[in-house]
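S.K.: For reference, the structure I am asking about is given below.
The values are calculated or read from the model by the stated rules, or taken from the named source; none is laboratory data. What you are looking at is a predicted structure, and each value in this text was computed from that prediction instead of being measured. Virtual Cβ from ideal backbone geometry, glycine too; neighbours counted across all protein chains shown.
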Amino acid sequence: MKFKISVLCLLFTCVIAAVSLAQNLDGSPYIAGKDPNIGMYLCHWKESMPRHTHGSLIERDILTKGNAMNPPAKGAVLEYVNSFTRAALDAHASTTPTTLKGEQEIFYFLSGKGTIKAGNKTADLYKGICILMPANLEFTMTNTGNEPLTMYLVNEPIPVGFRPNKDMLVKDENILPIQSTSGHWCHIVKNFFETDAGLGTLERVLTVTFDPMTIGHPHSHGAGCEEVWTQVNDSSIAFIGKQICTQQHGAGYMIPPDGKTPHSNINTSDKQVTMFYFARYKDHEVRK
């Protein structure tokens, strides 16, 4: 226990030193009403009420539409993405045939098993599958197991003039190659989708894994950036601005885009933890 506390203290010391040197942060203590309150930017799906979509899909909000600089309610921080939820499909249930209009959806599956059919394609669903469902394509999802089929669900609007994919895209995290192991010091990245793969408003969707006792390089984001980190398994320490908290499985946060609020995650456990990540960085050309 003493060793773990000592290492944790060392990690925090490194964080503060690195951030201060890199960004000349305000050294004053946290001031309520002046500094961003991370409690408004980090939410767990269990804090929201369930609602039915796609006929029988049960969605619960993680982050919702709002104001990134002055959230009107807890989690109401999204300005570019329509919604971010945790969704579940009950055992042996199916959604109604659904066609998205003016929007697309990204499904990242957490547990259970099932199938999804869109156009002439059918894909198996299980932990680690990520799907980009384009606009104007009818699809149906079915839970073929005895347990709920659970997922994170991102709904993005498609920009004017954007050309959606004709087919759904399916990626399996379990067999994807590791794209990078050194980004922001220690991020182990597996990339699902980028703009050239058919994203409209978003620019990247991926997972980031942290080895035991590692920390990502703290950094901030400016106006126009919408970057979301959500815990996939177990928990980690979320370090945002002048505050820290335990980020449990099922909780996600967005970084205040003020150019001065640093963020990072710290894995103080003895096993790997993974985050589901999506981001829009700035105004960008869309696929015509």
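S.K.: Quickly run through region 1-49 and pick out the residues that are in a loop (DSSP other than H, G, I, E, B), hydrophobic (A, V, I, L, M, F, W, C) and at pLDDT 55 or above. Outline the logic, then answer.
M.R.: To start, the set of residues in region 1-49 that are in a loop (DSSP other than H, G, I, E, B) comprises 1, 24-31, 33-34, 36-37, 41, 48-49.
From what's left, hydrophobic (A, V, I, L, M, F, W, C): 1, 25, 31, 49.
Within region 1-49, L25, I31, M49 qualify.
S.K.: Still on this structure, I have one more. Starting from residues that are over 18 Å from V189 (Cα atoms) and in a loop (DSSP other than H, G, I, E, B), keep the ones in region 104-131 and report whichever is farthest from the chain's Cα centre (by Cα).
M.R.: N120
S.K.: Here is a further query. What number goes with the only condition from (1) at pLDDT below 95; (2) within 30 Å of T268 (Cα to Cα) that V160 does not pass?
M.R.: It fails just one condition, (2).
S.K.: Would it be correct to say that T150 is in a strand (DSSP E or B) and of a type outside the set (F, W, Y)? First the steps, then the outcome.
M.R.: Details: in a strand (DSSP E or B): yes; of a type outside the set (F, W, Y): yes.
Here the answer is yes, as T150 does meet what is asked.
Yes or no, residue by residue, for (1) touching a residue at least 12 places away in the same chain (Cβ under 8 Å); (2) within 26 Å of N174 (Cβ to Cβ); (3) under 13 Å from the mean Cα position of the chain (by Cα):
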residue: H184; (1), (2), (3): yes, yes, no
residue: I188; (1), (2), (3): yes, yes, no
residue: G200; (1), (2), (3): yes, no, no
residue: R204; (1), (2), (3): yes, yes, yes
residue: T207; (1), (2), (3): yes, yes, yes
residue: P218; (1), (2), (3): yes, no, no
residue: G222; (1), (2), (3): yes, no, no
residue: S236; (1), (2), (3): yes, yes, no
residue: C245; (1), (2), (3): yes, no, no
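S.K.: For region 240-250, what are the residues that are buried (at least 23 other Cβ atoms within 10 Å of the Cβ) and out of contact with any helix residue (DSSP H, G or I) (no Cβ under 6 Å at 6 or more places or on another chain)?
M.R.: Applying the first criterion (buried (at least 23 other Cβ atoms within 10 Å of the Cβ)) to region 240-250 yields 240, 247.
Within region 240-250, Q247 is the sole residue that qualifies.
S.K.: Within the group Y126, Y108, which residue is aromatic (F, W, Y) and more than 23 Å from R51 (Cβ to Cβ)? Give the derivation first.
M.R.: Numbers: Y108 fails: more than 23 Å from R51 (Cβ to Cβ).
Step by step, each of Y126, Y108 is checked, and only Y126 is aromatic (F, W, Y) and more than 23 Å from R51 (Cβ to Cβ).
S.K.: Looking at this structure, is V189 closer than 27 Å to H284 by Cα, touching a Phe, Trp or Tyr at 6+ places or on another chain (Cβ under 6 Å), in a strand (DSSP E or B) and not aromatic (F, W, Y)? Working first, answer last.
M.R.: Values: closer than 27 Å to H284 by Cα: yes; touching a Phe, Trp or Tyr at 6+ places or on another chain (Cβ under 6 Å): no; in a strand (DSSP E or B): yes; not aromatic (F, W, Y): yes.
For V189, the condition - closer than 27 Å to H284 by Cα, touching a Phe, Trp or Tyr at 6+ places or on another chain (Cβ under 6 Å), in a strand (DSSP E or B) and not aromatic (F, W, Y) - is not met.
S.K.: Can you find a residue that is loosely packed, with under 14 Cβ neighbours inside 10 Å, within 21 Å of the chain's Cα centre (by Cα) and under 30 Å from N67 (Cβ atoms) anywhere in region 132-139? Can you show your working first?
M.R.: As a first pass, look at region 132-139 and keep what is loosely packed, with under 14 Cβ neighbours inside 10 Å: 136, 138.
So of that shortlist, the ones also within 21 Å of the chain's Cα centre (by Cα) come out as none.
No, there is no match, as no residue in region 132-139 is loosely packed, with under 14 Cβ neighbours inside 10 Å, within 21 Å of the chain's Cα centre (by Cα) and under 30 Å from N67 (Cβ atoms).
S.K.: Out of region 257-278, which residues are among the polar types (S, T, N, Q) and in a loop (DSSP other than H, G, I, E, B)?
M.R.: Across region 257-278, the qualifying residues are T261, T268, S269, Q272.
S.K.: For H217, only one of the following conditions fails: (1) out of contact with any helix residue (DSSP H, G or I) (no Cβ under 8 Å at 6 or more places or on another chain); (2) modelled with pLDDT under 95. What is its number?
M.R.: (1)
S.K.: Is region 88-99 home to any residue that is over 29 Å from G75 (Cβ atoms), hydroxyl-bearing (S, T, Y) and buried (at least 16 other Cβ atoms within 10 Å of the Cβ)?
M.R.: Just the residues of region 88-99 that are over 29 Å from G75 (Cβ atoms), to begin with: 92, 94, 97.
Of the ones still in play, those that are also hydroxyl-bearing (S, T, Y) are 94.
Next, only the ones that are buried (at least 16 other Cβ atoms within 10 Å of the Cβ) stay: 94.
The answer is yes; a qualifying residue exists.
S.K.: Looking at N143 and the list (1) closer than 23 Å to L78 by Cβ; (2) buried (at least 20 other Cβ atoms within 10 Å of the Cβ), which single condition is not satisfied?
M.R.: Among (1) closer than 23 Å to L78 by Cβ; (2) buried (at least 20 other Cβ atoms within 10 Å of the Cβ), the lone unmet condition for N143 is (1).
S.K.: State whether the residues of region 50-62 include one that is at pLDDT 95 or above, among the basic types (K, R) and either closer than 25 Å to Y277 by Cβ or more than 18 Å from the chain's Cα centre (by Cα) (or both).
M.R.: Let us first name the residues in region 50-62 that are at pLDDT 95 or above, namely 50-62.
Restricting the remaining residues to those that are among the basic types (K, R) gives 51, 60.
Filter once more, so that each one left must be either closer than 25 Å to Y277 by Cβ or more than 18 Å from the chain's Cα centre (by Cα) (or both): 51, 60.
Yes, the conditions are met somewhere in region 50-62.
S.K.: Can I ask one more? Given the conditions (1) crowded, with 20+ Cβ neighbours inside 10 Å; (2) more than 30 Å from K242 (Cβ to Cβ), which single one is not true for T115?
M.R.: Checking T115 against (1) crowded, with 20+ Cβ neighbours inside 10 Å; (2) more than 30 Å from K242 (Cβ to Cβ), the one that fails is (1).
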